[in-house]
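Engineer: Structure provided below as C-alpha cells; questions to follow.
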Amino acid sequence: MKDLVFDLIKQEKTRQEEGLELIPSENYVSPAVLAGMGSILTNKYSEGYPSFEGIPGWDEEKIASEVLPNYRYYGGQQNVDRIERLAISRACQLFHADHANVQPHSGAQANNAVYFAWLEPGDTVLGMSLPAGGHLTHGASVTQSAKVYHFVNYGVTKDGDIDYDELKSLAKKHHPKIILVGYSAFMKIPDFARVVKIRDDLSKETGEEILLMADMAHVAGLIAGGVHPNPLDYGFNVMTTTTHKTLRGPRGGLILTKGNVASPLKKPEKTLKNIPILIDRAVFPGTQGGPLEHIIAAKAIAFGEALKPEFKNYAKNIIENAKSLAEALKKEGFILQGDGTENHLILVDIKKSFDIDGKFYEQALDQIGLTLNANALPSDPSGSFRPSGVRLGTPAMTTRGLGEAEMSQIATWMKKVAIICQKAGSLENLTDYHNQLESLHSEVRTLALKFPLPN
C-alpha cells in the first residue's frame with residue numbers, strides 16, 4: 001500500500017507549482033541538489049573530519065581522486081571524505097575563506113558552534129535585537145544560547161540602518177567577546193569596514209581579542225554572486241550562513257573562517273588566528289554528532305552551481321526584482337520599512353498601510369497562492385503572533401524566471417487582498433469574499449504555471 005506521506009508530498013509539489021513563493025528565506029533547488037539529498041550517502045556514519053591537506057588550493061580532479069588519512073571515527077570513508085573536501089574547497093572559493101566547516105545541520109547550529117568555540121558561559125555578545133531585524137540566535141531570551149551567554153542588543157535608526165553610534169557605545173560599555181552583524185529582516189547593506197574599525201579601536205584600548213562574526217544567512221547567495229560585499233574581505237573572522245535561501249542549496253548550515261587550518265584533534269591556543277580549528281572542534285564533538293553526508297554532497301553541488309557565471313546573473317536579478325517589487329508596492333500604497341531595499345528582502349508595515357495585522361494578511365494571501373510571512377517591525381507594539389508587518393522577498397521567484405512585469409502584477413494582487421482584508425475585518429469573515437479570492441487565486445495559478453519549477 002502506498003504510504004500517505006507520498007500523497008502529501010505530491011500535494012505540496014502542486015502547491016509550489018501553482019503558487020508564488022514570496023518568503024525571502026525560501027528557494028527552489030536544482031534537480032542535481034535534490035539528487036544529492038536523496039542519495040545513499042544518508043546510509044553512512046562519518047563522525048569527525050576528512051584531511052584538510054591542500055584545501056583550498058588543489059584542483060578538483062585531484063581532490064576527487066586523492067584518498068588521504070582522515071580524522072574520522074568509522075571506517076569506509078574514502079568517498080565521503082572526498083565529497084566533503086570538495087564542499088570545503090568550493091565554499092572557500094566562493095567566499096574567500098581560509099577554511100569552511102560544512103557540517104552544521106542549520107544556521108542556528110552554526111551560530112551556536114561559533115559561540116561555543118570562542119566564549120565561556122556568561123561572556124558578552126553584541127548583536128542586533130530581534131525586533132530590529134536580528135535573528136532568534138542573536139540573543140532572544142527563549143533560546144539556549146541566551147541562557148548561557150550574555151547578549152547585548154543594538155537597534156536600527158529611523159531609516160532602517162544599523163545604529164552604528166549605539167553599536168559603538170554599547171561595545172565600549174560592555175566589552176563584548178563577539179561583535180555580531182547579522183539579521184533576518186534588514187534591508188540595508190552593512191558598513192562592515194565601520195564595524196571592523198569599532199572592533200579594532202576597542203581591542204587596542206582593552207588589549208583583548210574580539211571576534212567579529214557575520215551571520216549572512218539571508219544574503220550569502222548575493223555575496224557569492226558578487227552583488228553584496230563580503231564581510232571576510234573587510235576583516236571579519238567568521239561568517240556563518242544557511243545554505244538554502246539565496247544560496248539555493250539544501251537546508252543546512254556553513255561556517256567560513258579566516259586563520260590557521262590544522263588537525264582538530266589537538267586543542268590549540270585560544271586565539272583569533274586559531275578560530276578555524278576551534279570551530280571545527282566546537283562543531284564536532286562540541287555541539288553535533290555525525291554529519292549528514294547526503295546533505296553535504298548537496299551543498300557541494302550547490303556551491304559548484306554558485307561558482308558558475310550564470311549564478312552572478314541570478315544574484316543580480318534577485319536585487320533588480322526586489323527593487324522593482326518595492327517600487328510597485330509603494331505605488332499601491334504600501335509603506336515599507338526603510339522605504340525600500342538594498343538586497344532581496346522587503347518589510348512592509350501592513351498595519352500602517354491598511355490597518356490590518358500581519359498574520360491576518362499572511363493567511364489571506366495564502367488563500368490566493370501568494371506565500372509570505374508575518375513579521376514584527378522595530379519596536380512593534382503588536383507582538384510576534386499578531387505583528388504589524390509582513391516580510392517578503394524575491395529569491396524563489398527569480399529562480400523561476402519572473403521579472404519586473406510580474407513584480408508589478410504581484411503588487412497589484414497584494415493591494416486587492418489588503419482591501420478585502422480591510423472590508424472583512426477578520427479571518428472568519430473572509431468566507432464572504434470567497435468568490436473574489438478564488439478569482440485572484442486562479443489568476444495567480446495561471447501566472448505561476450507559466451514559470452515552472454526547476455527540472
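The values are calculated or read from the model by the stated rules, or taken from the named source; none is laboratory data. These figures come from a predicted structure and were not determined experimentally. Backbone-built Cβ (ideal geometry, glycine too); neighbour counts: all protein chains shown.
Engineer: Of everything in segment 85-136, what is part of a loop (DSSP other than H, G, I, E, B) and among the polar types (S, T, N, Q)? Give them in sequence order.
Structural biologist: GLN103, SER106, SER129
Engineer: Let me ask another. Write out, first by first residue and then by second, each pair whose Cβ atoms fall under 7 Å of each other, whose residues are 6+ apart or on separate chains, and whose first residue, in segment 52-73, is among the small types (Gly, Ala, Ser) while the second is modelled with pLDDT of 95 or more.
Structural biologist: ALA64/ARG82; ALA64/LEU86
Engineer: Before we move on, is GLU26 in contact (Cβ under 8 Å) with a residue 60 or more places away in the chain, more than 23 Å from LYS258 (Cβ to Cβ) and out of contact with any Gly (no Cβ under 8 Å at 6 or more places or on another chain)? It would help to see each step written out before you state the result.
Structural biologist: Details: in contact (Cβ under 8 Å) with a residue 60 or more places away in the chain: yes; more than 23 Å from LYS258 (Cβ to Cβ): yes; out of contact with any Gly (no Cβ under 8 Å at 6 or more places or on another chain): yes.
Yes; evaluated as a whole, the condition is true for this residue.
Engineer: Let me ask you something else. Here's a check for you: in segment 302-325, which residue that is of a type in the set (A, V, I, L, M) and surrounded by fewer than 24 Cβ atoms within 10 Å (Cβ to Cβ) is nearest to ILE162 (Cα to Cα)? Explain how you work it out, then say what you get.
Structural biologist: As a first pass, look at segment 302-325 and keep what is of a type in the set (A, V, I, L, M): 302, 306-307, 315, 318-319, 322, 325.
Filter again for surrounded by fewer than 24 Cβ atoms within 10 Å (Cβ to Cβ), leaving 307, 319.
Working: LEU307: 30, ILE319: 20 Å.
Across segment 302-325, the extreme among qualifying residues is ILE319.
Engineer: Looking at LEU440, is it over 20 Å from MET187 (Cβ atoms), hydrophobic (A, V, I, L, M, F, W, C) and over 28 Å from the mean Cα position of the chain (by Cα)? Explain how you work it out, then say what you get.
Structural biologist: Details: over 20 Å from MET187 (Cβ atoms): yes; hydrophobic (A, V, I, L, M, F, W, C): yes; over 28 Å from the mean Cα position of the chain (by Cα): yes.
Judged against the criteria, LEU440 is a match.
Engineer: Check segment 33-56 and report whether any residue there is in contact with a Cys (Cβ under 6 Å, 6 or more places away or on another chain) and modelled with pLDDT under 95.
Structural biologist: Yes, some residue in segment 33-56 is in contact with a Cys (Cβ under 6 Å, 6 or more places away or on another chain) and modelled with pLDDT under 95.
Engineer: Suppose the filter is surrounded by fewer than 22 Cβ atoms within 10 Å (Cβ to Cβ), over 12 Å from the mean Cα position of the chain (by Cα), without any contact (Cβ under 8 Å) to a residue 60 or more places away in the chain and over 30 Å from LEU372 (Cβ atoms); does PRO268 pass it?
Structural biologist: The answer is yes for PRO268.
Engineer: Okay, moving on. What about GLN77, is it farther than 27 Å from PRO190 by Cβ and in contact (Cβ under 8 Å) with a residue 24 or more places away in the chain?
Structural biologist: yes
Engineer: Moving to a separate point now. From ALA418, ALA396, ALA376, ALA424, grab the single residue that is modelled with pLDDT under 95 and small (Gly, Ala, Ser). First the steps, then the outcome.
Structural biologist: Numbers: ALA418 fails: modelled with pLDDT under 95; ALA396 fails: modelled with pLDDT under 95; ALA424 fails: modelled with pLDDT under 95.
Testing whether each residue is modelled with pLDDT under 95 and small (Gly, Ala, Ser) leaves just ALA376.
Engineer: Same structure again: I'd like the full set of residues that are assigned to a helix (DSSP H, G or I), touching a helix residue (DSSP H, G or I) at 6+ places or on another chain (Cβ under 8 Å) and crowded, with 16+ Cβ neighbours inside 10 Å, limited to segment 165-205.
Structural biologist: Listed by number, the residues that qualify are LEU167, LYS168, ALA171, PHE192, VAL195, VAL196, ILE198, ARG199, LEU202.
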